[in-house]
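Below is one structure, written out as structure tokens; the observations come after it.
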Amino acid sequence: MKKTYGKVAISCAITGAIHTPTMSDALPYKPEDIIRQAIEAAEAGAAVLHLHARNPKDGSVSLDPQHFMGFVPSIRSSTDAVLNISTGGSLLTSIEDRIRPSEMISPEMSSLNMGSMNFSFHGLASRYETFKFDWEKAYIENSDAYIFRNTFRDIAQVEKSLGQAHNVKFEHECYDVGHLYNLKFCMDTGLFKAPVFIQFIFGILGGIGADLDNLLFMKRTADRLFGNNYQWSVMAAGSAQMPFATQAVMMGGNVRVGLEDSLFIERGKLATSNAEQVFKVRRLIEELGYEVATPEDVREMLALKGSDKLAI
């Protein structure tokens, strides 16, 4: 009999705010496509759906709550997956704008970046000779001047507006080891209570690199800072996505995949959908002898408020 080691939660980040429509025809930006791909990802095994919005006319990044409302109610009514609304979304707008969709939706989870950082993907611009939409090239090229602002005051505001007011559980996104210490400081001062859920993120220019030694370092640091009072997951950008997911599973962690993080299913081959990535990581998990967690498993693991507590 095959030995089952434990349950692994799969999160799927459906569209994000980095990649642009030119980069892949599979990247969803119209509401109907986000709905379809999110439902398919959940059916493939994703227990958590990490959601951003796009302008349906040109695929540009949007924080308009009405754009979120174009797809979130349909996803919620069609799947039991945990909905995780991003509070990132844009590198160019205020924290007030970034949290407004979650304030309207009152999701079970929201992402929360744990520190300010350079956040750049300008190198991608040279890979494409032409673009589908006029905004894309300048958006990519100008990212070498972007600072992703997440000050301690911003973090406290997100916790007050979403954690206290809506009982939202946070996916604490940590792009570097210093972000772990930021989270520890916030916990020591009473801002967040254990257990917390940490997303280790690798391979974003401006953050920690996608080297496996860094995963071990981040995990050891989190163990020292938080002991048993945290759950964790791993997201790695681009070609590092599946190798890091596999390593995370063997270390007892959870995983995140999706077209927000990588447009590829293997080196040099674009993924056809988010579900294709979920199917692949699910196969890896199960072949390693682990079990894929259900949405209810995740709700129990993270003590979430339940899907019936959403405002929509």
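Odds and ends about this structure:
Each row is one residue, and each column tells you yes or no for (1) of a type outside the set (Phe, Trp, Tyr); (2) at pLDDT below 95; (3) under 16 Å from the mean Cα position of the chain (by Cα).
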| position | (1), (2), (3) |
| --- | --- |
| PRO195 | yes, yes, no |
| PHE217 | no, no, no |
| VAL234 | yes, no, yes |
| ALA245 | yes, no, yes |
| MET251 | yes, no, no |
| VAL255 | yes, no, yes |
| GLU260 | yes, no, yes |
| LYS269 | yes, no, no |
| THR272 | yes, no, no |
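- Residue list for the range 10-37, filter: among the hydrophobic types (A, V, I, L, M, F, W, C) and more than 13 Å from the chain's Cα centre (by Cα): MET23, ALA26, LEU27, ILE34, ILE35
- Options ALA156, ALA210, ALA138: the member that is in contact (Cβ under 8 Å) with a residue 12 or more places away in the chain and either farther than 23 Å from PRO101 by Cα or assigned to a strand (DSSP E or B) (or both): ALA210
- When the residues of the range 75-133 are filtered to those that are hydrophobic (A, V, I, L, M, F, W, C) and in a strand (DSSP E or B), the one that is surrounded by the fewest Cβ atoms within 10 Å (Cβ to Cβ) is MET117.
- Here GLY203 meets each of (1) surrounded by fewer than 17 Cβ atoms within 10 Å (Cβ to Cβ); (2) on the phi > 0 side of the Ramachandran plot with one exception, condition (1).
- For the range 93-128, the candidate set comprises residues that are within 20 Å of ILE140 (Cα to Cα) and aliphatic (A, V, I, L, M); within that set, the residue that is farthest from the chain's Cα centre (by Cα) is ALA125.
- Filtering the range 30-60 to residues that are under 30 Å from SER126 (Cα atoms), buried (at least 23 other Cβ atoms within 10 Å of the Cβ) and not small (Gly, Ala, Ser) leaves ILE34, GLN37, HIS50, LEU51, HIS52, ARG54.
- Residue count for the range 250-276, restricted to those that are under 22 Å from LEU83 (Cα atoms) and among the aliphatic types (A, V, I, L, M): 5
- The range 155-181: number of residues that are under 19 Å from the mean Cα position of the chain (by Cα) and under 13 Å from LEU112 (Cβ atoms): 14
- Picking from residues in the range 268-312 that are assigned to a helix (DSSP H, G or I) and of a type in the set (Asp, Glu), the one that is nearest to ALA237 (Cα to Cα) is GLU276.
- Residues in the range 24-69 that are of a type outside the set (Gly, Ala, Ser), under 21 Å from LYS280 (Cα atoms) and outside any loop (DSSP other than H, G, I, E, B): ASP33, ILE34, ILE35, ARG36, GLN37, ILE39, GLU40, GLU43, VAL48, LEU49, HIS50, LEU51.
- Positions within the range 159-174 being surrounded by fewer than 23 Cβ atoms within 10 Å (Cβ to Cβ), hydrophobic (A, V, I, L, M, F, W, C) and either without any contact (Cβ under 8 Å) to a residue 60 or more places away in the chain or touching a Leu at 6+ places or on another chain (Cβ under 6 Å) (or both), in sequence order: none
- Only one entry in TYR175, TYR230 is within 24 Å of ASP144 (Cβ to Cβ) and modelled with pLDDT of 95 or more, namely TYR175.
- Of the residues making up the range 249-258, at least one is buried (at least 20 other Cβ atoms within 10 Å of the Cβ), in contact (Cβ under 8 Å) with a residue 60 or more places away in the chain and among the charged types (D, E, K, R).
- The residues on offer are LEU263, LEU270, and the sole one that is crowded, with 16+ Cβ neighbours inside 10 Å, touching a residue at least 24 places away in the same chain (Cβ under 8 Å) and either among the charged types (D, E, K, R) or touching a helix residue (DSSP H, G or I) at 6+ places or on another chain (Cβ under 8 Å) (or both) is LEU263.
- Which numbered condition ILE147 misses (of (1) within 19 Å of the chain's Cα centre (by Cα); (2) in contact (Cβ under 8 Å) with a residue 40 or more places away in the chain; (3) buried (at least 17 other Cβ atoms within 10 Å of the Cβ); (4) under 26 Å from HIS19 (Cβ atoms)): (3)
The values are calculated or read from the model by the stated rules, or taken from the named source; none is laboratory data. Note that the structure is a prediction, hence the values are computed from the model and not measured. Please note: Cβ atoms are built from the backbone with ideal geometry, for glycine as well, and neighbour counts cover all protein chains shown.
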